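Enquirer: My questions will all concern the structure given below.
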Amino acid sequence: MKKVVSNIFYNSIYQLLLIALPLVTIPYVARILGVKSLGINSYVMSIGVLLSFVILIGMNQLGVKTIAQAERTKESLSLKFGNLWGIQLCIGILVIVIYIIVASMSNKKVYMYANIPYLIGFTLDISWYYIGLGSIKKVILKNSVIKVLSVLLIFIFIRSTSDLTMYILINSVTLCIANIVFWLSLRESLDLSIVARSLISKKYVKQSLILGIPQIAIQLYTSFDSTLVGIIAGAVQLTFYDQSQKIARSLLTLITSVSTVIMPKMAELSNDDGKDAEFQNIFKKSLDYTLIISLYLTVMLMINARDFVPWFFGREYTLMSNNMFWVSLILIFIPYGGVFANQYALSKGMYKEYSIPYILGAFVSIPLNIILVHFYKADGGTLTIILTEMLVCMARIFMVRKSIELKIIFKRHFKYLILFIFILIIGLRYRVSVDNLLFSMLVNSIIYSLLYILLVFMTMKFSRDFSRKDI
């Protein structure tokens, strides 16, 4: 357990870095590249992100789980690693070849070519191996250096709207280098000759498809949605749709990082019937704290959205304040449902229960996007992503309802939801508003953070006291 806590700490620090760096670069890039160029970048990246999940084909789930449960011998690890990465390598090569052919026929071919290293990077991505071993610290330290380097390169080379190709290239090449770094330490734990001999294997193909298809389905409503908005509504509306989600999705990486680190431990415990009580205890605590943190971050974003957008992105982006306000709700649906999906269903090998909600989300999202974006442009896309994530969250809970005491969990969590609504109403009605947007946000954030913390502790204390009286 000590190692799990240590991994959570290092991963949280890394996730904070991933949040902090965009906070430095986004305002700069938004002002330098402008609304239209940023929309083109979002369009190209949405295709790249979707294809990256096709390449990984479930390795972030299957790879982590398989390595976490493997014997800690060079022979066993080498064999399993080779079997797993061989699938990823074959799909990666196929995807890159098809991408190059399609890009050559596009009117945005230069920008799409600049993103090829991004796809090569994901073909080489073996972070799942280190996460499965629990070696989070090593990965984080190396990747942090690459991330900081990319920020420096952006400030050095991005000077005008004509630098869009360079911007895409910096992001794609640095990601590729970051994933190459993973390979430098492989000799310490693997026999590469065994790896080479075990690349061609059908052993994990079925499982990778079962886990990979839902991950691709997720991207149909979290990445391909941007592609659809760009095609239907144009680059400017795509910028409003896509950039309004940047802060919320950056914060999501921090919340969901706990699930990434805890999942191998949960998978380990799920194999031991004698440790079911420990498994349930970790799950319930994780669910509690995920909801409390998610509600807090959501209410802070919603209260400050109308000041934050012009201050952070620039006055040119003021129209997307409404998008940022509403899209903040995904900070509740995604992490909360993710605990049921990743820490419960996946760790217990409930692959069908894990997969169905994602596929359902994809089926709902695509037609909704086509209809709503046509009529309401960026606002329609924002409404679609909120409805889709809410539906997926509900489906995740529904799929594991027979294995968990949901009545007890919901009774406690309903109190936090009421608390969230109360603070949101008060925060929107009574806000400090001055000419200095940053000062307004700081004052409002401090006031309502203190109020939220106070009410959460009061709710926890009341619940404990009430439980004791029942006993």
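Enquirer: For the pair residue 403/residue 185, report the inter-label distance in nm, with labels modelled 7 Å from Cα in the Cβ direction.
Expert: 3.1
Enquirer: Continuing with the same structure: From the square roots a ≥ b ≥ c of the eigenvalues of the alpha-carbon gyration tensor of the range 336-471, which class results: rounded (a/c under 1.5), prolate (a/b over b/c), or oblate?
Expert: In terms of gyration-tensor shape, oblate.
Enquirer: Applying 1/(1 + (r/R0)^6) with R0 = 30 Å to the Cβ-Cβ distance of residue 352 and residue 146, what FRET efficiency is obtained, to the nearest 0.05?
Expert: Efficiency computed from Cβ-Cβ geometry: 0.20.
Enquirer: Note down the Stokes-Einstein diffusion coefficient of the range 276-362 in µm²/s, whole number, using a Kirkwood radius over alpha carbon pairs, 37 °C, and 0.692 mPa s.
Expert: 219
Enquirer: Hey, another quick one. How large, in percent, is the carbon and sulfur part of the accessible surface of the chain at a probe radius of 1.4 Å?
Expert: For the chain, the apolar C and S fraction of the accessible surface comes to 69 percent.
Enquirer: Would you mind giving the three semi-axes, in whole Å and largest first, of the ellipsoid equivalent to the range 48-164 according to its Cα gyration tensor?
Expert: Square roots of five times the eigenvalues give 31, 21, 9 Å.
Enquirer: Here's a follow-up. How large is the accessible surface per residue of the chain, computed with a 1.4 Å probe and reported in Å² as a whole number?
Expert: Here the residues of the chain average 45 Å² of exposed surface.
Enquirer: Given H placed on each backbone N at 1.01 Å, which residues far from residue 191 in sequence or on other chains put an amide H within less than 5 Å of it?
Expert: Here 78 satisfy the definition.
Enquirer: Could you give the nm distance between label points at residue 426 and residue 135, where each point is 7 Å from its Cα heading toward the beta carbon?
Expert: Each label point lies 7 Å from its Cα, and together they span 5.0 nm.
Enquirer: Separate question: With a length cut of 24 Å (Cα positions projected on each helix's long axis) and a Kyte-Doolittle mean of at least 1.0, go through the chain and give me the DSSP H helices that pass.
Expert: 2-56, 74-103, 136-157, 164-181, 378-399, 406-429
Enquirer: Using only the Cα atoms, what convex hull volume per residue in Å³ does the chain have?
Expert: 148
Enquirer: Which value in deg cm²/dmol, rounded to the nearest 500, describes the helix-derived mean residue ellipticity at 222 nm for the chain, given -39,500 (n - 2.57) per DSSP H run of n ≥ 4 and division by the residue count?
Expert: Roughly -28000 deg cm²/dmol at 222 nm, from the helical runs in the chain.
Enquirer: Under a 1.4 angstrom probe, counting protein chains only, how are 417, 346, 17 ranked by accessible area, largest first?
Expert: Highest to lowest solvent-accessible surface, that is 417, 17, 346.
Enquirer: A further question on this structure: Given H placed 1.01 Å from N in the peptide plane, which residues other than close sequence neighbours of residue 158 have an amide H under 5 Å from its amide H?
Expert: Excluding prolines and chain starts, which carry no amide H, there are no hits.
Enquirer: Let me ask something else. Based on alpha-carbon positions alone, could you give the equivalent ellipsoid semi-axes of the range 324-405 from the gyration tensor, as √(5λ), descending, whole Å?
Expert: Working through the eigenvalues yields semi-axes of 27, 13, 8 Å.
Enquirer: Checking the table 36/147; 65/415; 108/147 against a 31 Å threshold on Cα-Cα, which pairs fail?
Expert: 65/415
Enquirer: In vacuo Debye scattering of the range 115-177, one point per C-alpha: log10 I(q)/I(0) at q = 0.14, 0.25 Å⁻¹?
Expert: Listed by q, the Debye log ratios stand at -0.47, -1.04.
Enquirer: Kindly state, to the nearest 0.05, the FRET efficiency for residue 410 paired with residue 326, given R0 = 22 Å and r defined as their beta-carbon distance.
Expert: Efficiency for this residue pair is about 0.35.
Enquirer: Suppose we look only past 14 Å in the calculated P(r) of the range 56-100. What percent of the Cα-Cα pairs does that tail hold?
Expert: So the portion of pairs separated by more than 14 Å is 54 percent.
Enquirer: Radius of gyration and Dmax for the range 95-227's Cα atoms, expressed in Å?
Expert: In Å, with Rg to one decimal and Dmax whole: 17.5, 50.
Enquirer: Taking loop as defined by DSSP and a crowding limit of 11 other beta carbons within 10 Å, which trypsin sites (Lys or Arg not before Pro) in the range 65-110 fit?
Expert: Listed in order of number, the matching sites are 72.
Enquirer: Let me ask something else about it. Could I get the Rg over Rh figure for the range 147-218? Both from C-alpha atoms, Rh via Kirkwood, rounded to two places.
Expert: Ratio of gyration radius to Kirkwood radius for the range 147-218: 1.17.
Enquirer: What do you get for Rg/Rh over the range 175-256 if you use C-alpha atoms and the Kirkwood form of Rh?
Expert: Rg divided by Rh gives 1.14.
Enquirer: Tell me, in nm to one decimal, what length is gained between residue 459 and residue 93 on full extension, where the rule is 0.36 nm per residue of separation less the Cα-Cα distance?
Expert: 126.4 nm
The values are calculated or read from the model by the stated rules, or taken from the named source; none is laboratory data. Only a predicted model underlies this, so the values are computations on that prediction, with no experimental measurement involved. Positions of Cβ are generated from backbone atoms using ideal geometry, with glycine treated the same way; all protein chains shown enter the neighbour counts. Just so you know, the surface numbers come from the protein's heavy atoms only, side chains and all, with ligands and any DNA or RNA stripped out. Shrake-Rupley method; radii C 1.70, N 1.55, O 1.52, S 1.80 Å.
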